[in-house]
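See structure below.
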Amino acid sequence: QKEVEQDPGPLSVPEGAIVSLNCTYSNSAFQYFMWYRQYSRKGPELLMYTYSSGNKEDGRFTAQVDKSSKYISLFIRDSQPSDSATYLCAMSAYGDMRFGAGTRLTVKP
Amino acid sequence: DTGVSQDPRHKITKRGQNVTFRCDPISEHNRLYWYRQTLGQGPEFLTYFQNEAQLEKSRLLSDRFSAERPKGSFSTLEIQRTEQGDSAMYLCASSLMAEQFFGPGTRLTVL
């Protein structure tokens, strides 16, 4: 079993839809949780950072962490074609991060 | 641009050759990380530095791989006797706290 599980998709939605992306993990020591967006052949770009459990909102993006269930989510509201990318969840205890495989999202105009 | 920079962006080499990549972190960041990413996978941790000290190395980092961060500024990652399985994107990230910021990566192709 991988330390971080993420459905690779692909996921295709119409413009304006609400997108839900999820990851599960097995290491209870993880306490820092991040979501990255990666365009093809580019480096990952940090979207959201959450420490421990709870919710965090930034514009159209909301990140949720449920440590009791070892489950994290990213919601994208009013999705745009420019949101089309691969979304990576990442988490760490401290220091090196463990990544999910990434979910490939396409938002169709 | 004050982000993380990596050089070169692309490298094509023949099997058995040595290659070296450079990473320049965000200037005030004391931690620097190297990751490797293959197609369809998330980045995999290789090693990390706090200032000039190499604090952790993954078992993925075979003895053909070596990383340095002299003076706690830029870092180099060297791969000796490259193999076709080394073909990947090599990513560098830096941080001051928990959030890591990535560079554009170096894409290595071993023929």
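Taken together, the values in this text are just the output of simple stated rules run on the coordinates, not laboratory data. This structure is a prediction, so every number in the text was calculated from the model and none was measured. When we count neighbours, we look across all protein chains shown, and the Cβ atoms used for this are built from the backbone with ideal geometry, even at glycine.
Across peptide B:91-98, the average count of Cβ atoms from other chains found within 10 Å of a residue's Cβ is 4. If each Cα of chain B is one equal point scatterer, what is log10 of I(q)/I(0) from the Debye formula at q = 0.14, 0.21, 0.22 Å⁻¹? Here log10 of I(q) over I(0) equals -0.50, -1.13, -1.23. Here the Karplus relation 6.51 cos²θ - 1.76 cosθ + 1.60, evaluated at θ = phi - 60°, turns the backbone of region A:21-32 into coupling constants of 10, 9, 9, 10, 8, 10, 8, 5, 7, 4, 9, 10 Hz, with x for every Gly and Pro.
Local charge sum around residue A:27 (other residues, Cβ-Cβ under 9 Å, Lys/Arg +1, Asp/Glu -1)?
On the way: positive: A:70, A:98; negative: A:3.
Residues close to residue A:27 contribute a combined charge of +1.
Listed by chain and number, the aspartates and glutamates placed with their C-alpha closer than 18 angstrom to that of residue A:108 are A:15, A:78, A:83; residues fewer than eight positions away on the same chain are left out.
Compute the Cα gyration tensor for the protein assembly as shown, then decide on rounded, prolate or oblate, letting a ≥ b ≥ c be the square roots of its eigenvalues: rounded whenever a/c is under 1.5, prolate when a/b is larger than b/c in the other cases, and oblate in all that remain. If you can, show how the numbers build up before the last one.
Working: a/c = 1.85, a/b = 1.50, b/c = 1.23.
Cα axes put the protein assembly as shown in the prolate bin.
Count the net charge of all other residues whose Cβ sits under 10 Å from the Cβ of residue A:60, scoring Lys and Arg as +1 and Asp and Glu as -1. Net charge around residue A:60: -3.
Checking the table A:42/B:14; A:42/B:57; A:56/B:71; A:42/B:11; A:2/B:11 against a 27 Å threshold on Cα-Cα, which pairs fail? Over 27 Å Cα-Cα: A:56/B:71; A:2/B:11. For residue B:88, the amide hydrogen comes within under 5 Å of the amide hydrogens of B:108, counting only partners 5 or more places away or on other chains and with H modelled in the peptide plane. Near residue B:22: Cβ cut-off under 12 Å, other residues only, Lys/Arg at +1 and Asp/Glu at -1. The net charge is -1.
Remark: the Cα gyration tensor places region A:29-103 in the oblate category, a/c being 1.5 or greater and a/b not exceeding b/c. Couplings 3J(HN,Hα) for region B:5-14, derived from phi with the Karplus relation 6.51 cos²θ - 1.76 cosθ + 1.60 (θ = phi - 60°), are 10, 9, 8, x, 7, 9, 9, 10, 9, 8 Hz, where x marks Gly and Pro.
With the Cα gyration tensor of region B:19-64 giving a ≥ b ≥ c as the square roots of its eigenvalues, does the rule (a/c under 1.5 for rounded; else a/b larger than b/c for prolate; else oblate) give rounded, prolate or oblate? Cα axes put region B:19-64 in the prolate bin. Near the amide H of residue A:47, within less than 5 Å, lie the amide hydrogens of A:35, A:36, A:37, all on another chain or at least 5 residues away, with H placed in the peptide plane.
Couplings for region A:57-66, taken from phi via the Karplus curve 6.51 cos²θ - 1.76 cosθ + 1.60 with θ = phi - 60°, read 10, 8, x, 7, 9, 10, 10, 10, 10, 10 Hz in order; Gly and Pro are left as x. Each Lys and Arg adds +1 at its Cβ and each Asp and Glu adds -1 at its Cβ; summed about the Cα centre, the protein assembly as shown shows a dipole of about 560 debye. If you run the Gaussian network model on chain B, springs between alpha carbon atoms under 10 Å, then out of B:63, B:24, B:86 the most flexible one is B:63.
Taking beta carbons within 10 Å but only from partner chains, what does the mean come to for residues A:90-103? Numbers along the way, then the final one.
Numbers: counts 3, 1, 4, 0, 2, 10, 14, 11, 4, 7, 2, 3, 5, 0.
So the per-residue partner count for this stretch is 5.
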